[in-house]
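Note sheet for the following structure.
Just so it is clear, none of the values below were taken in a lab; they were calculated from the coordinates. These figures come from a predicted structure and were not determined experimentally. Glycine also receives a Cβ, built like all others from the backbone with ideal geometry; neighbour counts cover every protein chain displayed.
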C-alpha cells in the first residue's frame, strides 16, 4: 500500500493512503530524553496510531536499539494480557517535526510496528479520519484549533 505524507505547517500533517486502510500508520523519531537534538535517520521508527490505547508504547527492540534505561515498571493490560512492563521517558518527533519532550512510554509487544501512538498524544491536538473516494486520509495538528461536529455541519447545510 502506498502512502503520501504532506506537512502543511509546523503543527500539522496529513497522511493519505491509496485505498481504505484499517490501520493508521506514520513514521516518527525517538530519542533519549537526555538528547534534545533533532534525531537522525537511524532513530526513525514505524508508528501505529491507536485511539484504543491510553498511553503511547514502544517495542522492546526499539528500547534496546536506542539504549534506553527504564525509569520504572507498571502493570499493563493489553492484547497480550496483564503483565509487568518497563516504562521509559523519551523525546518523540511527529511527522510534522513537532517534538513531544519527556513522553512517558510503556514497553509493549508490538509485532509489526516499533511505536504505538496512543491517546496521550492524540489528545494534544485535533485528529480526523476520512475515507472519501475509497482512500483513507488522516490528519493531525497541535494544538487543538477547532471543534468538529458533523451533525451541526449537516444541520447548517440544510
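Which residue, 120, 35, 50, has the most motion in a Gaussian network model of the chain that connects Cα atoms within less than 10 Å?
So, out of 120, 35, 50, the one fluctuating most is 35.
Please find, in a Gaussian network model of the chain (springs between Cα atoms separated by less than 10 Å), the residue of 119, 142, 77 whose mean-square fluctuation is greatest.
Residue with maximal mean-square fluctuation among 119, 142, 77: 77.
Over the stretch 3-157, what is the mean sequence separation of C-alpha contacts under 8 Å (at least six apart), divided by residue count, expressed as relative contact order in percent?
30 percent
Can you sort 105, 137 by how many other beta carbons sit within 10 Å, fewest first?
Fewest-to-most ranking of 105, 137: 137, 105.
Would you list 49, 93 from fewest to most Cβ contacts within 10 Å?
Placing the least packed residue first, the sequence is 93, 49.
How much length, in nm to one decimal, is gained on full extension between residue 144 and residue 75, taken as 0.36 nm per residue of separation minus their Cα-Cα distance?
Computed gain between residue 144 and residue 75 is 21.7 nm.
Full extension from residue 99 to residue 32: what is 0.36 nm times the residue separation minus their Cα-Cα distance, to one decimal in nm?
Fully extending the segment from residue 99 to residue 32 adds 22.9 nm.
Summing -39500 (n - 2.57) over the DSSP H runs of n ≥ 4 in the chain and dividing by its residue number, what mean residue ellipticity at 222 nm do you reach, to the nearest 500 deg cm²/dmol?
Calculated from helices alone, the mean residue ellipticity at 222 nm is -3000 deg cm²/dmol.
Of the beta bridges DSSP finds with both residues in the chain, what % are antiparallel, to the nearest 5?
85 percent
By the gyration tensor of its Cα atoms, with a ≥ b ≥ c the square roots of the eigenvalues, what is the shape of the stretch 54-133: rounded for a/c under 1.5, prolate for a/b over b/c, or oblate?
It comes out prolate by the Cα gyration axes.
Once R0 is set to 25 Å, what does the formula 1/(1 + (r/R0)^6) return for the Cβ-Cβ distance between residue 19 and residue 128, expressed as a FRET efficiency to the nearest 0.05?
E between residue 19 and residue 128, to the nearest 0.05, is 0.85.
What is the mean projected area of the alpha carbon convex hull for the chain, to one decimal in square nanometres?
Convex hull of Cα atoms, orientation-averaged projection: 10.7 nm².
Let me make sure I get this right: for the stretch 92-133, a, b and c are the square roots of the gyration tensor eigenvalues over alpha carbons, sorted descending. Under 1.5 in a/c it's rounded, otherwise prolate if a/b > b/c, else oblate. Which is it?
Taking the square roots of the gyration eigenvalues as a ≥ b ≥ c, the stretch 92-133 is oblate.
Measuring from a point 7 Å past the Cα of residue 154 along Cα-to-C-beta, which residues in the stretch 102-135 have an amide N at less than 12 Å?
What the label zone holds, given the 12 Å backbone N cut-off, is no residue at all.
Rank 12, 41, 128 by mean-square fluctuation in a GNM of the chain with C-alpha springs under 10 angstrom and give only the top-ranked residue.
Of the options given, 41 has the highest mean-square fluctuation.
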